[in-house]
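Each remark here refers to the structure printed beneath this line.
Nothing in this text is a laboratory measurement; each read-out follows from the coordinates by a stated rule. What you are looking at is a predicted structure, and each value in this text was computed from that prediction instead of being measured. All Cβ positions, even for glycine, are placed from backbone atoms using ideal geometry, and neighbour counts span all protein chains on display.
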Amino acid sequence: MYIIVDDRESVTNSYVGGLVREGVSSIGFSSGEFWDWLQSASEPDLAAVDAFLLGDCDARGSLPRAMRKRSSAPIIAMSGQKMLKNTLELFESGVDDVVHVPIHLREILARTAAIARRRVGELPRPCETRIQVFFNGRDPEIAGHALTLPRRELRILEYMVSNHGKWITKTQIFNAVYGIFESTFDESVIESHVSKLRKKLRDRLGFDAIVARRYVGYRLNIPAGETIDVPMQELDEVGILLNRAHSAPAAYPAGN
């Protein structure tokens, strides 16, 4: 989930709408609303945030450090001023990156993925691969053949791959796929999505790759001989984790 902080409602609405069309859950806050939310947000809610986009708002210089105290998610400042002094001040405030608007959403997603990748380091690439998950909207491949998945099933698989071998709860998956502010759907919808994904993987692999345990959750379990490979593409090809981008987004205005 992306959180956009900007005191201009038209700007937050523009970015939220664009991200939603790309299949990425997001929400916009004014600086005052965001500050209230940040102070009261639970740890699971904060863990569901993929990135913060910081636009034109009050206290922009102090917000990044407050964000970092509660979350390790990338903080990207969106600036309408291409001035070195302004850019340096934003970096000094604690943001991870500065972009100048107008900017394509794909670039924002790619920069977020690059920041996250640098923090965890490059993942090793195994010699033998049965499953490939690309994290950029491309269908995964099993034994070299594409496995076409609906958008939400793909995002669940991507989330499970990023947490390979770990038990993850239904709530965690729901927050990653639908966002923490979604009220239209119930968490039980995840059971249906996982069941369908589990069957498709079993049909192609010949074994259950997803282990389910009541009251615990789900775990992606690929034996050593069936190693998961997570290829890292060049910057302009990388999508944010759990993002499924199919169409090239339009440039979003600075809003002034």
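Computed from point charges on the beta carbon alone (+1 for Lys and Arg, -1 for Asp and Glu), the dipole magnitude for segment 132-199 about its Cα centre is near 140 Debye. Ordered from longest to shortest, the equivalent ellipsoid semi-axes for segment 153-203 are 18, 13, 9 Å, each the square root of 5 times a Cα gyration tensor eigenvalue.
Once the chain from residue 70 to residue 37 is taken as fully extended at 0.36 nm per residue, the excess over their C-alpha distance is 10.7 nm. With K and R counted +1 and D and E -1, the other residues having a Cβ less than 12 Å from that of residue 59 yield a net charge of -1.
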